[in-house]
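One structure is given here, and the rest of the page talks about it.
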Amino acid sequence: MSARHVLFEQPCVRLGIVPLLLAGVALAGCGTMGGGRQVQNTIYDTHRRVANLDKNLEPSVSKLNENVAGLLARVDESDQQVKALQSSVEENTVKLNGLDKKLDALTNTLYRYFKLSQSPLVPGTGAAPGAPGMQEEVRVLPPPGSAPQPSVAPTAPGSELPSPGAPVAPPPSPAPVAPPPPAGPGQEDADYQQALRSFQSENYAGALEQFSAFIQRYLNSQSCPNAQFWRARSLEKLERYEEAIADFSKLRTAYPTSVRVPYAMLYEGLCHKKLGQTDRASELLKEVLRNYPTTPAADQAKMELQKVKGN
């Protein structure tokens, strides 16, 4: 590798290399060149070239460093935006599921009230029996005057009732429960989505258990802040408000840069409100408005704060 290539590749140590380079040239010149004047001219010319090179490269290196720093900042900002969008999608999905259940319940009530159907709607379909796409149950009525026939459930082969006095076989012993298999590729996301589906289907006890297991199993996962949030929401839905407050506070302490922090503060404030601790609830809601004014959590915090003041 040539000395010039070293200077280009290591600009940070140019000042340290120059004296050594000059000394080497001087030693070589003493042995090969006839006069000291020629050696001095060579040293001076080399020094001038290195100084000009350093002066010309400095603005380019500074500009390159600025561009790299700006690019890294944009990448980090994009990552935060993606996480915020994921958070909003999960929140909206939960809200839509709740609205869908309320709509089904309201439609069932209207059908029963106006006697439009003898049976309620099938939950989750929004359609009444007999509507297009739904199969009605066909019942065969007995002829007039005949006695009603009792319904007998069919028996599977080999499941006949034992005769009186026959010995009864003991029930089979339960099979041993195998330990859970180690997490493979994609298992982490599957476990998280399963726990989230439990919450969306209002199985809050199951969601609490599944999100707790997820946090213990995937300690270094990027989804841990989200799992911690939904675990706290499960406790809130189960009306275990003190535990929910502790979980929301833990999320804010353990993951201060998470996009879930304003939502955690919002629901922590709502838990305090349900416990009658309106002063603490107002403090948290105001903090959401002050620190995260452009988030959807701030809009909801503003409405909840008005309700707290109204009480």
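See the values below:
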item: Selection of GluC sites (Glu not before Pro), segment 232-261, meeting DSSP coil and at most 15 other Cβ within 10 Å; result: Glu239
item: Among 190-196, 62-68, the order from most to least packed when residues are scored by Cβ within 10 Å on average; result: 190-196, 62-68
item: Listed pairs Lys237/Lys286; Lys237/Lys274; Lys274/Lys309; Lys237/Lys302 exceeding 19 Å between Cα atoms; result: Lys237/Lys286; Lys237/Lys302
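Computed from the coordinates by the stated procedures, all read-outs in this text should not be read as laboratory data. Worth saying up front: this structure is predicted, and the values here are computed from it rather than measured. Reconstructed Cβ throughout: ideal geometry from the backbone, glycine too, with neighbour counts over all protein chains shown.
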